[in-house]
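Structure first, then comments.
The values are calculated or read from the model by the stated rules, or taken from the named source; none is laboratory data. The shown structure was predicted, so the numbers you read here are calculated from the model rather than taken from an experiment. Counting neighbours? That spans all protein chains shown, and the Cβs are built from the backbone with ideal geometry, glycine included. Just so you know, the surface numbers come from the protein's heavy atoms only, side chains and all, with ligands and any DNA or RNA stripped out. Shrake-Rupley method; radii C 1.70, N 1.55, O 1.52, S 1.80 Å.
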Amino acid sequence: MHPSGHQQSEGGSIRRLRAGEIELQVLDRGAGMPVVLIHGFPLDHSMWDAQSAHLSTRWRVVAPDMRGFGGSQVTGGTATMEQMADDVAALVEMLAIDEPIVLCGLSMGGYVALEFWRKYAGRLRALVLCDTRAAADTPEAAAGRLETVERVLRDGTEPLADAMLPKLFAPATLENDPHTVATERKTMLAADPEGVAAALRGMAGRRDFRDQLAKISLPTMVIVGENDTISTVDEMRSIAGAIAAAEFVILPGAGHMTPLENPTGFNEAIEQFLTRVERGG
Ligand code: MLT
């Protein structure tokens with residue numbers, strides 16, 4: 001870490017700063033319209049490397065590690081989606097970003113984005129919801145998460161990684177892109193079990209947004225991988241259908257991890273969307 005607290009990496013500045021009640025690590029790269037990228041579970045900002053490199057040539061990309069993940073502070077107990085949205089709001093303030101942001105979240109990041117919209121709609125310029133869900137957990141799914149909490153605290157994150165990876169990626173990615181799969185596995189193994197447990201508890205108790213979607217009036221892009229089995233094409237289509245100003249994109253060849261599995265398609269779709277948002281169209 002540079003003495004100033006800044007670290008040059010991936011062509012951008014990575015730093016750890018206090019955002020409200022906790023310390024968060026954040027990649028802050030480029031200039032212009034602020035685009036904030038929220039990672040999925042149990043990952044960190046590095047899942048957006050292909051997007052931060054590409055989009056920061058035109059815009060300011062801010063990609064934090066959410067509480068409990070990557071280089072950010074781990075908090076025990078429950079990390080609610082609302083707390084994570086509050087963290088994003090505090091971070092944006094700490095970075096002196098005073099114009100409305102484009103908020104893009106994948107899966108858990110999408111849950112956080114919807115919470116951010118609920119509390120801070122006035123600070124948003126547009127939304128990008130990737131491979132995520134508007135529904136809350138069913139009681140069975142929530143109970144399953146709490147069992148996973150016990151397992152992660154007892155055995156660490158390796159069994160979780162082994163269970164999740166085959167579901168996160170499309171069969172073609174698992175076969176043809178072992179490097180990407182291995183990189184995400186490494187991130188999962190490095191994740192702090194306490195942070196993972198806190199997020200699992202938070203996701204288990206998250207709000208149901210299905211009947212709120214019709215109130216979203218922001219320009220919105222909804223992106224899903226054609227082979228996503230966690231947040232399916234049908235489920236994402238119904239999210240897009242409920243939001244008046246939503247565009248819907250299905251990315252070929254991708255499972256749940258669209259930005260990693262089809263980075264070219266993802267970058268093209270989001271770049272075109274951001275261009276329209278910037279022009280006000
Ligand atoms: C994610 O990718 O963030 C997870 O699949 C979210 C979840 O477990 O609901």
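Per-structure values
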| read-out | value |
| --- | --- |
| Single residue of Gly156, Gly110, Gly122 found to be within 14 Å of the ligand (Cβ to nearest atom) and of a type in the set (Gly, Ala, Ser) | Gly110 |
| Check on Thr275, in a helix (DSSP H, G or I), among the β-branched types (Val, Ile, Thr) and touching a Leu at 6+ places or on another chain (Cβ under 9 Å) | no |
| Where Gly195 falls short, out of the listed (1) part of a strand (DSSP E or B); (2) within 15 Å of the ligand (Cβ to nearest atom) | (1) |
| From the options Gly265, Gly225, residue that is closer than 20 Å to Trp48 by Cβ and in contact with a Gly (Cβ under 6 Å, 6 or more places away or on another chain) | Gly225 |
| Within the stretch 54-69, tally of residues that are free of Cβ contacts under 8 Å to residues at least 60 places away in the same chain and closer than 19 Å to Arg16 by Cα | 6 |
| Members of the stretch 215-239 found to be surrounded by fewer than 20 Cβ atoms within 10 Å (Cβ to Cβ), more than 16 Å from the ligand (Cβ to nearest atom) and not polar (S, T, N, Q), listed by number | Lys215, Leu218, Glu226, Asp234, Arg237 |
| Selection within the stretch 125-139 - away from the ligand (no atom under 16 Å from the Cβ) and buried (at least 21 other Cβ atoms within 10 Å of the Cβ) | Ala126, Leu127 |
| Residue match in the stretch 167-181 (condition: open to solvent by 30 Å² or more (accessible area, probe 1.4 Å) and within 12 Å of the ligand (Cβ to nearest atom)) | yes |
| Members of the stretch 18-53 that are among the polar types (S, T, N, Q), open to solvent by 10 Å² or more (accessible area, probe 1.4 Å) and assigned to a helix (DSSP H, G or I) | Ser46 |
| Criterion (in contact (Cβ under 8 Å) with a residue 12 or more places away in the chain and surrounded by fewer than 24 Cβ atoms within 10 Å (Cβ to Cβ)) met by exactly one of Gly105, Gly109, Gly122 | Gly122 |
| Any hit, the stretch 87-95, residues being among the hydrophobic types (A, V, I, L, M, F, W, C), within 13 Å of the ligand (Cβ to nearest atom), assigned to a helix (DSSP H, G or I) and closer than 21 Å to Arg201 by Cα | no |
| Any hit, the stretch 70-89, residues being over 28 Å from Leu189 (Cα atoms), β-branched (Val, Ile, Thr) and surrounded by fewer than 23 Cβ atoms within 10 Å (Cβ to Cβ) | no |
| Matching residues in the stretch 240-261 - criterion: being crowded, with 23+ Cβ neighbours inside 10 Å, touching a strand residue (DSSP E or B) at 6+ places or on another chain (Cβ under 8 Å) and of a type outside the set (Val, Ile, Thr) | Leu251, Ala254, Gly255, His256, Met257, Pro259, Glu261 |
| Failed criterion for Phe41 (all others in (1) under 16 Å from Ala191 (Cα atoms); (2) more than 12 Å from the chain's Cα centre (by Cα) hold) | (2) |
